[in-house]
1. Filter the range 31-70 for residues that are open to solvent by 10 Å² or more (accessible area, probe 1.4 Å) and among the hydrophobic types (A, V, I, L, M, F, W, C) and give the result.
2. Being under 20 Å from Pro393 (Cβ atoms), within 20 Å of the chain's Cα centre (by Cα) and touching a residue at least 12 places away in the same chain (Cβ under 8 Å): is that true of Leu215 here?
3. Only residues that are of a type in the set (D, E, K, R) and either buried (at least 17 other Cβ atoms within 10 Å of the Cβ) or free of Cβ contacts under 8 Å to residues at least 24 places away in the same chain (or both): list them for the range 366-392, please.
4. For Leu80, all conditions in the list (1) closer than 23 Å to Tyr308 by Cα; (2) within 16 Å of the ligand (Cβ to nearest atom); (3) among the aliphatic types (A, V, I, L, M) hold save one; what is the number of the exception?
5. So, in the range 424-464, how many residues would count as being out of contact with any Ser or Thr (no Cβ under 6 Å at 6 or more places or on another chain), of a type in the set (Gly, Ala, Ser) and modelled with pLDDT of 95 or more?
6. Tell me which of these Leu28 doesn't satisfy, since it passes every other one: (1) open to solvent by less than 10 Å² (accessible area, probe 1.4 Å); (2) within 16 Å of the ligand (Cβ to nearest atom); (3) part of a helix (DSSP H, G or I).
7. Scan the range 129-148 for residues that are more than 18 Å from Gly401 (Cβ to Cβ) and touching a Leu at 6+ places or on another chain (Cβ under 8 Å) and jot them down.
8. Taking Pro330 as meeting all but one of (1) in contact with a helix residue (DSSP H, G or I) (Cβ under 8 Å, 6 or more places away or on another chain); (2) surrounded by fewer than 22 Cβ atoms within 10 Å (Cβ to Cβ); (3) more than 25 Å from Tyr174 (Cβ to Cβ), write down the number of the exception.
Amino acid sequence: MTMTASRRSHIAVVGAGFTGMVCALRLLRAGYRVSILEQRADIGGLSTSHDFGSFEWDRFYHCILTSDRALLDLLDELGLHDELRWTKTEVGLYSHGGFHKMTGAADLLRYRHLSLLSKMRLAIMSLYVTKIKKGLRLERVPLCEWTRRLFGRKVFEQIWEPLLRCKLGELRRYASAAFLWGTMVRLASTRQQGLGAQEQLGYVRGGYRMVFQRLQQSVAMWDGSTHLGVKIRRICAHEGDARAGAVRIDTGQGAQFFDGAVLTVPNSVVGRLLQTSDADYMKRLGEVMYLGMICVVVVLRRRLSPFYVTNVTDTIGFTGVIEMTNLIDPAVETNGRHLVYVPRYTTSSDPLFEKDDQGVWDQFWPELSAMYPDLKEAEIERWFVFRERNVQPVPTIGYSGIVPPVRTPVPNVYLANTAQIINNTLNNNAMTSIANQACCELMKDIPVERSLAASGLSPCVPSLVLAPMEVSHG
Ligand SMILES: Cc1cc2nc3c(=O)[nH]c(=O)nc-3n(C[C@H](O)[C@H](O)[C@H](O)COP(=O)(O)OP(=O)(O)OC[C@H]3O[C@@H](n4cnc5c(N)ncnc54)[C@H](O)[C@@H]3O)c2cc1C
């Protein structure tokens with residue numbers, strides 16, 4: 001009997017955020033050898049957790065929708081089903097200097113700053129948007145024009161224009177109507193029934209820290225390795241010695257060779273990393289505009305409001321207020337403290353990015369205290385400032401035509417990143433599907449086992465000489 005020697009194909013996953021970890025899990029389960037390469041000192045990326053002093057929770061606010069099928073399946077797979085908690089949450093609106101409950105249709109009826117006719121138009125047209133079947137056609141229509149036409153000038157100026165300014169900043173004028181459609185369809189899917197019914201939102205006990213702990217345990221169980229503090233500088237096809245692998249990745253610690261790679265980093269990073277002469281591809285990567293985020297997080301000794309989300313339509317320097325502890329149980333999750341996120345979506349050229357933490361706080365605090373005059377500084381236990389420049393890809397006109405495809409111009413290098421979410425806000429349900437899809441494509445091209453005899457490959461598995469595995473979520 002002739003035995004054919006073989007070795008497992010070795011795949012690099014660049015980025016240990018949520019998408020990178022899901023890709024790693026998928027590939028390991030399929031039988032590949034996987035190394036995760038992450039520039040930061042910990043895993044988690046935008047979904048990472050933070051030590052807020054007396055407790056740890058997500059650095060940015062996250063919730064799970066009842067319709068997040070792909071994400072919920074993943075949580076089941078990680079054995080986290082029993083750790084899911086669901087809460088009926090309230091939504092607020094801060095406008096004309098006051099708070100208005102906006103959880104259901106009855107709340108809208110009570111809202112006194114719009115005429116009955118305008119309120120009916122808002123309710124009916126909102127329902128209509130969620131029923132549109134072929135929303136992708138709206139990609140050709142400018143967002144603000146469409147919203148004004150649909151809801152009327154008054155509702156647009158009082159409600160939508162400020163909300164769109166909050167969500168997309170100055171970049172809203174480039175966005176298409178498909179964004180509003182996609183976002184409203186997703187949000188409506190979590191309501192129990194009909195327009196205005198109360199939202200049920202979920203979270204995993206322990207937050208995303210628990211999710212990453214399980215992901216990391218699974219990766220380790222399947223013999224995957226995680227290398228932190230490894231910044232990738234360049235990725236190209238390796239056409240030299242076939243024994244090494246088809247993809248060369250340059251890190252600060254020298255060149256490494258792999259049979260394939262999946263990149264989970266934002267487009268601007270992909271553009272810097274990939275060595276390709278494909279000008280069209282590079283142009284396409286650059287066409288996606290990203291919004292950044294500056295987020296003040298306040299740890300309070302008391303509850304601030306009854307709302308999980310308070311949308312802000314008055315001109316204020318932040319997007320809204322997210323009181324996380326109206327979704328999660330403070331007694332269990334945050335050591336009795338109340339956790340409030342005050343985010344501002346903005347372009348990366350916003351001068352606020354250059355300010356230090358105190359400078360950002362000095363700008364946010366007067367507006368926050370004007371909004372909540374009862375809130376005393378003594379009730380604030382601690383505050384934090386987080387900044388990220390590449391957060392929300394803006395769904396511009398004709399977005400699905402510029403979305404970067406899974407296959408990059410460099411053979412055996414694949415892409416699974418947030419720019420591939422079409423016409424929606426950033427969410428891990430979409431990223432789970434995107435990770436699954438990218439791995440499926442890779443599996444079609446790269447065999448799990450490589451026959452050494454056929455390819456002249458070395459029987460030795462190429463070794464990785466990178467930083468040892470150091471994972472903070474133990
Ligand atoms: C304010 C906010 C609120 C959100 N709310 C929700 C919510 O309610 N529900 C929900 O489902 N989702 C929510 N999200 C979205 C969710 O956080 C993202 O979908 C998810 O974190 C994206 O993960 P990712 O792995 O694709 O990207 P990232 O988290 O950005 O991961 C990319 C990783 O690549 C690494 N990297 C970059 N360059 C290099 C390099 N050169 N070499 C090596 N590594 C590199 C980065 O350090 C990072 O760890 C929210 C996000 C934000 C910011």
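1. Of everything in the range 31-70, those that are open to solvent by 10 Å² or more (accessible area, probe 1.4 Å) and among the hydrophobic types (A, V, I, L, M, F, W, C) turn out to be Ala41, Leu46, Phe55, Phe60, Cys63, Ala70.
2. no
3. Result: Asp374, Lys376, Glu377, Arg387, Glu388, Arg389.
4. All conditions are met except number (1).
5. Adding up the residues that qualify gives 3.
6. So the condition that Leu28 fails would be (2).
7. Matches in the range 129-148: Val129, Thr130, Ile132, Cys144, Trp146, Thr147.
8. All conditions pass for Pro330, except number (1).
The values are calculated or read from the model by the stated rules, or taken from the named source; none is laboratory data. Note that the structure is a prediction, hence the values are computed from the model and not measured. Heads up, the Cβs are rebuilt from the backbone with ideal geometry, glycines too, and the neighbour counts pull from every protein chain shown. Accessible surface is based on the protein model in full, side chains and every heavy atom, while ligands, DNA and RNA are left aside. Shrake-Rupley method; radii C 1.70, N 1.55, O 1.52, S 1.80 Å.
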